[in-house]
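The values are calculated or read from the model by the stated rules, or taken from the named source; none is laboratory data. What you are looking at is a predicted structure, and each value in this text was computed from that prediction instead of being measured. Cβ atoms come from the backbone with ideal geometry, glycine included; neighbour counts cover every protein chain shown. Heads up: the accessible areas ignore ligands, DNA and RNA and are worked out on the full protein's heavy atoms, side chains in. Shrake-Rupley method; radii C 1.70, N 1.55, O 1.52, S 1.80 Å.
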Amino acid sequence: MDLWLLRIAIIVYLIATASQLAFLVTLKAEVRKFASWVTWGAFALHTVLLLTRLFAGGYAPMATLHEAYSFFGWCTLGLYLVLLLRYSIPSLGAFATPLALILLLGAAVTPSDIIELPPALQSGWLPIHVGLLFIGNAAFGIAAVSGIMYLIQERQLKKKKLGMLFHRLPNIEVLDEIGYRCLTIGFPFLTLGIITGAAWAQEAWGTYWSWDPKETWSLITWFIYAALLHGRMTVGWRGRKAALWAIGGFACVLFTFLGVNYVLPLILPNVQSLHIYG
Amino acid sequence: MEIAVVGLSHKTAPVEIREKVAFAPDILHEVAKSVRGLDHVREAVILSTCNRVEVYAAVRSREEGIEALIGYIAEYHEIPIEELRPHIYVFIGVDAVKHVFRVASSLDSMVVGEPQILGQVKDAYEKAQQGSATAHVLNRFMHKAFSTAKRVRTETRIAQSAVSVSFAAVELARKIFGELTGRTVMVIGAGEMCELAATHLVENGISNVMVTNRTYARAEKLAEQYGGKAVHFDAFTKHLDEVDIIISSTGAPGHVLHAADVQTAMKQRRQKPMFLIDIAVPRDIDPAINNLDNVYLYDVDDLQGIVEVNKKERAKEAEKAEEIVRQEVDSFLKWLKMLDVTPTIRQLREQFDEIRRAELDKTLKVMGDNLTKKELKSLESMTQAIVNKILHQPTICLKALADESDADLSLDSVRRVFGLPEADVIDEEE
């Protein structure tokens with residue numbers, strides 16, 4: 001059942017992404033309307049998919065890599081839709097939906113079995129810890145997306161070569177503002193996610209912090225975003241610099257999420273992360 | 001019924017003529033009303049802007065109608081008709097429809113794609129309505145012109161990009177700051193381009209203007225014009241931190257604004273973006289400033305380059321727009337042609353039905369009492385079917401007639417054959 005739902009969800013995500021891109025090219029009002037409906041539809045379908053897994057497995061569907069990808073993608077698309085209520089940026093969808101699509105494709109290529117939850121994970125901390133972190137990660141994802149849009153637009157303005165994207169992308173001020181807004185959403189979630197993780201580790205393993213690679217990298221990520229937040233709030237960082245930091249920060253988020261499990265073992269085969277996927 | 005256009009524009013008449021022929025806006029409804037009263041003219045709309053004066057009319061006959069219109073314009077403005085004639089253009093039928101649709105869509109404007117003309121055409125139509133100078137031909141025609149203009153607006157990007165240096169500056173400012181409300185512009189020096197750009201920025205929502213000039217009195221004068229404040233030239237760099245946009249156009253031989261000044265200002269304003277426009281030649285602003293983060297410097301060549309690209313883009317879009325106009329002209333003309341034949345078709349139907357009813361009544365008077373309800377009903381539908389069958393072929397033929405050039409003649413024969421009374425098309429509501 002949920003496998004079928006996943007396949008349909010992927011198709012709807014593909015249509016949503018394609019139509020968002022088609023709108024970016026054609027700028028037709030009907031295409032925009034269609035893209036908007038399909039994107040909401042994709043989100044609704046994905047929500048049903050998550051609920052189905054919740055009831056089928058009896059645990060918050062965040063315990064396997066597959067579930068993490070899926071939840072991450074859902075948060076990203078959801079946050080994009082929430083931002084749309086506040087900011088009128090028609091072109092944002094063409095950049096945000098591909099990110100959500102990639103995350104869902106990540107879910108598609110990882111084993112999707114519903115597992116027997118190991119005792120360590122049978123805890124109320126699971127949805128809190130993982131949920132907080134991925135909402136934060138989604139915010140950082142959108143911040144990186146608006147950072148990319150900022151860099152494209154800023155480059156055109158600086159080089160004085162106004163290509164076809166110039167009219168399609170919004171003004172750089174609002175892109176910077178979205179980057180800032182997402183940072184202020186993401187940072188508290190990341191902080192709380194790390195704190196709840198430490199609390200859970202104390203309960204499960206008897207120690208708050210064990211300098212496990214995943215923990216170390218999440219701390220590095222935290223410091224990057226702390227520096228960016230500090231720079232923005234007190235030093236007056238903005239624009240290009242802030243956009244580059246937001247993109248770098250998100251690279252770090254992805255490495256903490258995936259690289260620690262996939263890349264690090266290749267380099268340091270002796271270091272194993274205690275944590276599941278993430 | 002045909003659509004006729006008589007008028008003159010920036011393409012055919014110099015301003016000396018145009019200003020003589022222009023109609024005052026507050027009497028346009030009166031003018032439209034009296035034009036409608038002319039012989040051979042059934043409906044009229046008068047458009048009078050600084051670039052064109054045009055009369056749109058629904059006329060019953062081409063030549064007489066057009067002569068009446070030209071005569072009216074000459075007489076009204078007391079200009080000898082011979083003096084007027086060389087500047088006048090006349091369009092009739094397809095060309096007239098196409099012309100008006102192109103005007104409303106801003107394809108005939110001096111600056112193609114400029115947005116004001118549609119509003120002016122709408123005003124002209126409203127005035128004509130006030131003078132009850134329009135009826136259903138021009139009503140339909142003008143609405144079609146508006147919807148064509150709207151299609152052109154939404155389906156092409158004809159009006160989207162700036163084609164003058166000062167508008168290009170506004171467009172860039174919008175992409176840097178978004179809304180311009182609450183932003184501050186500083187004008188360094190004076191000069192026409194400078195003032196034009198500043199005026200456009202103020203029109204687009206800039207609220208604070210600062211002006212500086214080597215001659216303080218001139219700065220004060222210009223500042224007054226924008227409701228801004230004048231700043232002493234030797235101290236203007238002190239205000240840079242409050243300024244979002246700078247427009248510079250002094251006659252100075254060297255740079256008046258240096259990278260160090262802007263760098264200091266950027267620190268003070270916590271890196272909020274700054275947009276500098278250097279219209280002066282030789283340049284006023286150190287080009288190295290463009291390398292600073294969050295600072296965007298455009299000189300006159302940069303702006304000109306953008307304008308050139310936009311113009312090419314606009315020409316491409318204009319082709320798409322012409323295609324839309326072609327489609328809409330076709331669809332309007334189809335309706336207009338049907339307008340000639342529909343009254344005949346309707347009258348024919350009415351006449352036949354009258355005969356049917358009369359004959360049926362006669363028959364029923366004789367044998368009606370003996371008939372059952374069901375029989376009455378089938379008698380009714382039988383007679384109706386006969387009428388329909390007889391009229392089927394003529395109706396098809398008449399509709400096809402609408403496309404033929406000598407429709408009037410054939411239509412006349414048909415009306416004579418069936419003895420239909422002379423119909424006034426105007427009285428036939430859709």
Residue satisfying all of: in segment B:312-323; within 14 Å of chain A (Cβ to nearest Cβ) and farther than 13 Å from A:LEU162 by Cβ; surrounded by the fewest Cβ atoms within 10 Å (Cβ to Cβ) among these: B:LYS316
Which residues, counting only those in segment A:233-246, are crowded, with 20+ Cβ neighbours inside 10 Å and more than 10 Å from every other protein chain (Cβ to nearest Cβ)? A:ALA243, A:TRP245, A:ALA246
Please work out if A:ALA18 is modelled with pLDDT of 95 or more, in a helix (DSSP H, G or I) and farther than 30 Å from A:LEU121 by Cβ. yes
For segment B:240-252, indicate whether the set of residues that are within 14 Å of another protein chain (Cβ to nearest Cβ), assigned to a strand (DSSP E or B) and either within 23 Å of B:ARG269 (Cβ to Cβ) or in contact (Cβ under 8 Å) with a residue 24 or more places away in the chain (or both) is non-empty. yes
Can B:VAL329 be described as open to solvent by less than 60 Å² (accessible area, probe 1.4 Å) and within 47 Å of the chain's Cα centre (by Cα)? yes
Can you tell me how many residues in segment B:142-195 are farther than 24 Å from A:ASN171 by Cα and either within 14 Å of chain A (Cβ to nearest Cβ) or part of a loop (DSSP other than H, G, I, E, B) (or both)? 4
For segment B:254-262, does any single residue satisfy the condition of being surrounded by 21 or more Cβ atoms within 10 Å (Cβ to Cβ), under 17 Å from B:ASN213 (Cβ atoms) and in contact with a strand residue (DSSP E or B) (Cβ under 9 Å, 6 or more places away or on another chain)? yes
With the condition kept exactly as written, say whether any residue in segment B:39-58 is farther than 26 Å from B:VAL325 by Cβ and either among the hydroxyl-bearing types (Ser, Thr, Tyr) or not assigned by TED's automatic domain parsing to the domain that holds B:LEU138 (or both). no
Residue set B:ASP261, B:ASP293, B:ASP302; condition farther than 30 Å from B:ARG153 by Cα, in a helix (DSSP H, G or I), of a type in the set (Asp, Glu) and not assigned by TED's automatic domain parsing to the domain that holds B:VAL100; output residue B:ASP261
So for segment A:58-73 (the condition being closer than 24 Å to A:GLU173 by Cα, small (Gly, Ala, Ser) and in contact with a helix residue (DSSP H, G or I) (Cβ under 6 Å, 6 or more places away or on another chain)), does at least one residue qualify? no
Is there any pair with a first residue in segment A:161-185 that is closer than 26 Å to A:ILE135 by Cα and more than 9 Å from chain B (Cβ to nearest Cβ) and a second that is crowded, with 17+ Cβ neighbours inside 10 Å and among the polar types (S, T, N, Q) whose Cβ atoms are under 8 Å apart and which are 6 or more apart or on different chains, and what are they? A:LEU175/A:SER146; A:LEU175/A:GLN153; A:ILE178/A:SER146; A:GLY179/A:SER146; A:CYS182/A:SER146
Limited to segment A:199-214, what total is found for residues that are surrounded by fewer than 16 Cβ atoms within 10 Å (Cβ to Cβ) and not in a loop (DSSP other than H, G, I, E, B)? 5
Here is a check on your reading of the model: is A:TRP217 at pLDDT 85 or above and buried (at least 17 other Cβ atoms within 10 Å of the Cβ)? yes
Run down B:VAL185, B:VAL90 and say which single residue is surrounded by fewer than 22 Cβ atoms within 10 Å (Cβ to Cβ) and either in contact (Cβ under 8 Å) with a residue 12 or more places away in the chain or in contact with a strand residue (DSSP E or B) (Cβ under 7 Å, 6 or more places away or on another chain) (or both). B:VAL90
Filter result (more than 11 Å from chain B (Cβ to nearest Cβ) and either touching a residue at least 40 places away in the same chain (Cβ under 8 Å) or over 26 Å from the mean Cα position of the chain (by Cα) (or both)) within segment A:151-160: A:LEU151
Kindly indicate whether B:THR212 is away from chain A (no Cβ under 14 Å), more than 22 Å from A:LEU157 (Cα to Cα) and more than 25 Å from the chain's Cα centre (by Cα). yes
If you check A:MET164, A:MET149, which single one turns out to be of a type outside the set (Asp, Glu) and out of contact with any Phe, Trp or Tyr (no Cβ under 7 Å at 6 or more places or on another chain)? A:MET164
Checked pairs for segment B:395-417, first closer than 15 Å to B:ARG346 by Cβ, second part of a helix (DSSP H, G or I) and open to solvent by 100 Å² or more (accessible area, probe 1.4 Å), C-beta under 8 Å and 6 or more apart or across chains, list as B:ALA402/B:LYS334
Exactly one of B:ALA260, B:ALA288 is more than 12 Å from every other protein chain (Cβ to nearest Cβ), out of contact with any Leu (no Cβ under 6 Å at 6 or more places or on another chain), free of Cβ contacts under 8 Å to residues at least 60 places away in the same chain and within 26 Å of A:ILE152 (Cβ to Cβ), and that one is B:ALA288
Close pairs from segment A:19-43: first at positive phi, partner charged (D, E, K, R) and surrounded by 14 or more Cβ atoms within 10 Å (Cβ to Cβ), Cβ under 7 Å, at least 6 apart: A:LEU27/A:ARG168
Can B:ASP299 be described as over 30 Å from B:ALA58 (Cβ atoms), within 12 Å of another protein chain (Cβ to nearest Cβ), surrounded by fewer than 16 Cβ atoms within 10 Å (Cβ to Cβ) and over 24 Å from the mean Cα position of the chain (by Cα)? no
When you go through B:ILE386, B:ILE396 one by one, which is the residue that is touching a helix residue (DSSP H, G or I) at 6+ places or on another chain (Cβ under 8 Å) and either β-branched (Val, Ile, Thr) or in the same structural domain as B:SER61 (by TED's automatic domain parsing) (or both)? B:ILE386
Being touching a residue at least 12 places away in the same chain (Cβ under 8 Å), out of contact with any Cys (no Cβ under 9 Å at 6 or more places or on another chain), among the polar types (S, T, N, Q) and surrounded by fewer than 24 Cβ atoms within 10 Å (Cβ to Cβ), is that true of even one residue in segment A:65-76? no
Which residues, taken from segment B:45-61, are closer than 15 Å to B:LYS127 by Cβ, over 14 Å from the mean Cα position of the chain (by Cα) and of a type outside the set (Val, Ile, Thr)? B:ALA57
Please enumerate the residues belonging to segment A:53-64 that are open to solvent by 30 Å² or more (accessible area, probe 1.4 Å) and in a helix (DSSP H, G or I). A:LEU54, A:PHE55, A:ALA56
Can you go through B:ARG140, B:ARG153 and tell me which one is at pLDDT below 90, touching a helix residue (DSSP H, G or I) at 6+ places or on another chain (Cβ under 9 Å), among the basic types (Lys, Arg) and open to solvent by 10 Å² or more (accessible area, probe 1.4 Å)? B:ARG153
